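Take a look at the structure set out below.
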Amino acid sequence: MKLKVLGSSSSGNGYILEASDGALVIECGMPLLEVKKALDFKIGHIAGAIVTHQHGDHSKFIAEYLKSAIRVCALKEVFDAHALKQRIFCKEIEPMHGYRIGTFNVFVVPVEHDVPCVGFVIEHAEMGKMLFVTDTMMFEYRIPNLSHMMIEANYSDEILDYNIENGITPASMRPRLLQSHMEIKTTENILLSSNLDTVNDIILIHLSHNNSDAEQFKQRIMQKTGKPVIIAKRGVCVDVSKEPY
Ligand SMILES: [Zn+2]
Ligand SMILES: [Zn+2]
């Protein structure tokens, strides 16, 4: 099982979980062409797409995916926000419900963003169980027996303070960030209060362009958890098979 990262930032989010018997697209924030290229144009291999919320960096290209007959699973609010004319391939999902998408099982968990947003627990025989959490101020669930964790590490308070003092980030952004995105300490606390025994790797996602430091975040989480840490960015491909590599 491979995880291919098409994008992981406020400029656009898109990920593919590619198994031998199908592929699951996570987020429609990157053009479908990027997905096609990553799958060598085997579009029939796609079992479906799951979308966390309506913001453009996660759902901008949703109509493209639907037009190509890819089943998109998302909250009702996501489809409403895009004012879609036809909803043939739209599958409305609800928090605390589970769905079968091809050979993938997806359980939907609620998170805390400034619009309705969800996280996912994704299971596949070749991968084990993966947590996917982004665009949230916190995450209260502790999921047992995870093989992989994809979790937001958006900003650090120290870098944000420095950037506000130096006019790089407007001060007005702070209240929004506090209530909608995960600070690195929050990410760290979630990881350290989780049972990581079965976790093969931690993939940090949706880092802020200005208010994060990828290398610092990686070292910090690696040292605190003792697990391999990967920073998700465009072009990254990770082996997310069930057993550690
Ligand atoms: Zn986002
Ligand atoms: Zn968002």
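The values are calculated or read from the model by the stated rules, or taken from the named source; none is laboratory data. Worth saying up front: this structure is predicted, and the values here are computed from it rather than measured. All Cβ positions, even for glycine, are placed from backbone atoms using ideal geometry, and neighbour counts span all protein chains on display. We work out accessible area using only protein heavy atoms, side chains counted, and drop any ligands, DNA or RNA first. Shrake-Rupley method; radii C 1.70, N 1.55, O 1.52, S 1.80 Å.
Anyone know which of Lys218, Lys67, Lys129 comes out most mobile in the 10 Å Cα GNM of the chain?
Result for the chain, Cα springs under 10 Å: Lys67 fluctuates most.
Can you work out D for region 149-245 in µm² s⁻¹ from Stokes-Einstein, where Rh is the Kirkwood radius over C-alpha pairs, the temperature is 25 °C and the viscosity is 0.890 mPa s?
Calculated translational D: 173 µm²/s.
Kindly state, as a whole number, the per residue volume in cubic angstrom of the convex hull around the alpha carbon atoms of the chain.
Per-residue hull volume (Cα only) is 115 Å³.
Could you list the square roots of 5 times each eigenvalue of the Cα gyration tensor of region 1-132, that is, the equivalent ellipsoid semi-axes, sorted largest first and rounded to whole Å?
For region 1-132, the ellipsoid semi-axes come out as 20, 17, 14 Å.
With +1 on each Lys and Arg Cβ and -1 on each Asp and Glu Cβ, and nothing else charged, work out how big the dipole of the chain is about its Cα centre, in Debye to the nearest 20. Don't skip to the answer; put the middle values down first.
Details: 25 positive and 30 negative charges, 152 e Å.
Computed about the Cα centre, the dipole is about 740 debye.
At a probe radius of 1.4 Å, what is the per-residue accessible area of Phe61, in Å² to the nearest 10?
Spelled out: Phe61, probe radius 1.4 Å, area about 40 Å².
P(r) of region 91-212 in 10 Å steps, Cα pairs, percent per bin?
The percentages, shortest bin first, are 13, 40, 30, 13, 3.
If you find the alpha carbon centre of region 230-244 and of region 108-136, how far apart are they in angstrom?
Taking the Cα centre of each part, region 230-244 and region 108-136 sit 17 Å apart.
Just to confirm a number: summing +1 for Lys and Arg and -1 for Asp and Glu over residues other than Ile101 whose beta-carbon lies under 9 angstrom from that of Ile101, what do you get?
Charge balance in the 9 Å sphere: +3.
First compute the accessible area of the chain with a 1.4 Å probe, then give the percent of it belonging to carbon and sulfur atoms.
Percent of accessible area from carbon and sulfur atoms in the chain: 51.
Give the distance, in whole Å, between the Cα centre of region 19-57 and the Cα centre of region 58-96.
13 Å
For region 2-239, with the dipole built from +1 on Lys and Arg beta-carbon atoms and -1 on Asp and Glu ones, taken about the Cα centre, which of Asn154, Phe107, Gly22 lies farthest toward the positive end?
Among Asn154, Phe107, Gly22, the one farthest towards the positive end of the dipole of region 2-239 is Gly22.
Order the peptides 199-205, 8-14, 228-234 from the highest to the lowest mean number of other Cβ atoms within 10 Å of their residues.
Ranking the peptides 199-205, 8-14, 228-234 by packing returns 199-205, 8-14, 228-234.
Using a Gaussian network model of the chain whose springs link C-alpha atoms within less than 10 Å, name the residue from Leu131, Leu146, Leu66 with the highest mean-square fluctuation.
Leu66
Compute a Gaussian network model of the chain, connecting alpha carbons closer than 10 Å, and tell me which residue from Gly167, Gly29, Gly44 fluctuates the most.
So, out of Gly167, Gly29, Gly44, the one fluctuating most is Gly167.
How much solvent-accessible surface does Glu18 expose, in Å² to the nearest 10, with a 1.4 Å probe and all protein chains in place?
Approximately 40 Å² of Glu18 is accessible to the 1.4 Å probe.
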